[in-house]
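Encoded as structure tokens, the structure appears first; notes follow it.
The values are calculated or read from the model by the stated rules, or taken from the named source; none is laboratory data. Keep in mind the model is a prediction, meaning the values are calculated, not measured. Don't worry about glycine lacking a Cβ; one is built from the backbone with ideal geometry, like all the others, and counts go over all protein chains shown.
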Amino acid sequence: MTRGPGRPRKLGRPRKKPGEPVAHKILPKMQVAILATVEDNKTRAEAAKLAGLTEDAIRKAMRDNGAVREFYSSQIKALMTFAKAKAAHTLIKELDGSNATARVAAARIILEDNATAPAGNNMPQVPGFAILIADARATQTLSVRPVIDQITHWSATEDQHSKLG
């Protein structure tokens, strides 16, 4: 069975309707190549050779396959998490070191207030309102009146300060 000009369709390959998204998957060889790149700091050529792929196959998969990019990003994120823990332990060890300058620098780094550090659930801290989502089936009702009173008090205080200045 041919499709007109060109090569015949491969048997067993499911048909995809036009415009339908492609279901990308990550092959075990590609996982090996990505892990070699991320964890062992191998070049793309070395990782391809280790996994039994071509360098071009890895490049194309990173460009075209969303699952491969997602796996790569998750591995990089995990690596950075472990690296941060190792860096923190190194700084803590340096606090007991013999070099006074290094001790002070380590203490400053540990104690510095990092404004860009994420708050809980890896969410950045941003100014504005906080929204409390509560279970509607709960029998206890919550009052937002103290918060509104505080905001009103802050606004009045700011108005008084602006009139004075």
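How many residues are outside any helix (DSSP H, G or I) and loosely packed, with under 13 Cβ neighbours inside 10 Å when one looks only at the stretch 55-102?
5
Within the bounds of the stretch 42-50, is there any residue that is modelled with pLDDT of 85 or more, of a type in the set (Asp, Glu) and either part of a helix (DSSP H, G or I) or touching a Leu at 6+ places or on another chain (Cβ under 7 Å) (or both)? Spell out how you get there, then give the answer.
Keep residues of the stretch 42-50 that are modelled with pLDDT of 85 or more, which gives 42-50.
Of the ones still in play, those that are also of a type in the set (Asp, Glu) are 46.
Within this subset, residues satisfying the condition of being either part of a helix (DSSP H, G or I) or touching a Leu at 6+ places or on another chain (Cβ under 7 Å) (or both) are 46.
Checked the stretch 42-50: at least one residue is modelled with pLDDT of 85 or more, of a type in the set (Asp, Glu) and either part of a helix (DSSP H, G or I) or touching a Leu at 6+ places or on another chain (Cβ under 7 Å) (or both).
Quick test for you: out of Gly66, Gly19, pick the one residue that is over 18 Å from Leu79 (Cα atoms) and in contact with a His (Cβ under 7 Å, 6 or more places away or on another chain). Let's see the steps before the verdict.
Details: Gly19 fails: in contact with a His (Cβ under 7 Å, 6 or more places away or on another chain).
Answer to the check: Gly66.
Please name all residue pairs, on different chains or six or more residues apart, with Cβ atoms under 8 Å, provided the first residue is in the stretch 73-91 and is closer than 19 Å to Ala33 by Cα and in contact (Cβ under 8 Å) with a residue 24 or more places away in the chain and the second residue is surrounded by 11 or more Cβ atoms within 10 Å (Cβ to Cβ) and aliphatic (A, V, I, L, M).
Filtered contacts from the stretch 73-91: Gln75/Ile34; Gln75/Leu35; Gln75/Val38; Ile76/Val38; Leu79/Val38.
For residues that are hydroxyl-bearing (Ser, Thr, Tyr) and either surrounded by fewer than 17 Cβ atoms within 10 Å (Cβ to Cβ) or closer than 12 Å to Met62 by Cα (or both), tally how many sit in the stretch 34-49.
1
Taking the conditions exactly as written (assigned to a loop (DSSP other than H, G, I, E, B) and among the β-branched types (Val, Ile, Thr)), does Ile26 satisfy them or not?
yes
Here's the yes/no breakdown for (1) over 28 Å from the mean Cα position of the chain (by Cα); (2) under 30 Å from Met30 (Cβ atoms); (3) modelled with pLDDT of 65 or more:
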residue	(1), (2), (3)
Arg63	no, yes, yes
Leu79	no, yes, yes
Lys84	no, yes, yes
Glu94	yes, no, yes
Ile109	no, no, yes
Asn114	no, no, no
Phe129	no, no, yes
Val144	yes, no, no
Thr157	yes, no, no
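In the stretch 16-33, what residues are more than 12 Å from Ala67 (Cα to Cα) and surrounded by 13 or more Cβ atoms within 10 Å (Cβ to Cβ)?
Of everything in the stretch 16-33, those that are more than 12 Å from Ala67 (Cα to Cα) and surrounded by 13 or more Cβ atoms within 10 Å (Cβ to Cβ) turn out to be Lys29, Val32, Ala33.
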